[in-house]
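Here is the structure we will look at.
Derivation of every value follows stated rules applied to the coordinates shown; laboratory data play no part. Just so we're clear, the structure is a prediction, and the values are computed from it rather than from any experiment. When we count neighbours, we look across all protein chains shown, and the Cβ atoms used for this are built from the backbone with ideal geometry, even at glycine.
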Amino acid sequence: MTTLKFIVIASAAILIAAVSCRSRGDPSQNQEGKMEYKADKSDDQLKKELTAEQYRVTQKCGTELPFTGKYYNFKGEGKYVCVVCGAELFNSDTKYDSGSGWPSFYQPADANSVEERDDNSLLMTRTEIRCANCGAHLGHVFSDGPAPTGLRYCINSAALKFIDANDTNSQPGH
């Protein structure tokens, strides 16, 4: 019975840590203490524009199950933009198969495309990755990637939209 109580308590702690997510925002705050980004949409607007899964991942720091996302095994040539605001995040030429079950890239499209934050949820320390333009949660970065950076940006497909390099009519965003 003691083992069962431990499992229940540990599971509850992990669940609470998994759903804890800081508000969207960059290091600057407005007078009310709310974090703000260049692209700032209301919660109601986001719920209307995003699918339930996109909202859960980008706004509540959710994580897709491995090997289930739209882009984890996708091989198209083009760019990956933020599903929330359309900002360019990653290019297909930096995407690689990490074996993790999530789309993985060894560097962002631009040094200012993403921002990093300490993430101490799930009883571990990781580095969270967010869209620098709107604050959407994208995934995490790890130091076990390939050359030339040695980094693995492990990103949720639900946070991305792919823009095909050959599609001249395609618009970033939704």
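In table form, for the structure just shown:
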| quantity | calculated |
| --- | --- |
| Surrounding net charge for Ala158, when Lys and Arg each add one and Asp and Glu each subtract one, Cβ distance under 15 Å | +3 |
| Whole-number percent relative contact order across segment 87-174, with pairs defined as alpha carbons under 8 Å at least 6 apart | 25 |
| Amide H within-cut-off set for Ala136, under 5 Å, with H built and near neighbours excluded | Cys131 |
| Theoretical gain in end-to-end length, Ala52 to Asn120 [0.36 nm per residue, Cα-Cα removed] | 22.0 nm |
| Nonlocal amide H pairs with Leu50, under 5 Å, H built at 1.01 Å | none |
| For Tyr106, net neighbour charge (Lys/Arg +1, Asp/Glu -1) across residues whose Cβ lies under 13 Å away | -1 |
| Proximal charge balance of Lys47 [Cβ under 13 Å; K/R count +1, D/E count -1] | 0 |
| Long-range HN-HN contacts of Ser98 with modeled amide H, under 5 Å | Ser104 |
| Gyration tensor (alpha-carbon) shape descriptor, segment 57-157, a/c threshold 1.5 | rounded |
| Using θ = phi - 60° and Karplus 6.51 cos²θ - 1.76 cosθ + 1.60, couplings along segment 42-48 (whole Hz; Gly, Pro as x) | 6, 4, 5, 5, 5, 5, 6 |
| Derived scalar couplings ³J(HN,Hα) [segment 89-98; Karplus, 6.51 cos²θ - 1.76 cosθ + 1.60; whole Hz; x for Gly, Pro] | 10, 9, 10, 5, 6, 10, 7, 8, 8, 8 |
| Table column - 3J(HN,Hα) (Hz), segment 51-61, Karplus curve with 6.51, -1.76, 1.60, x for Gly and Pro | 6, 4, 5, 4, 5, 4, 6, 7, 9, 10, 6 |
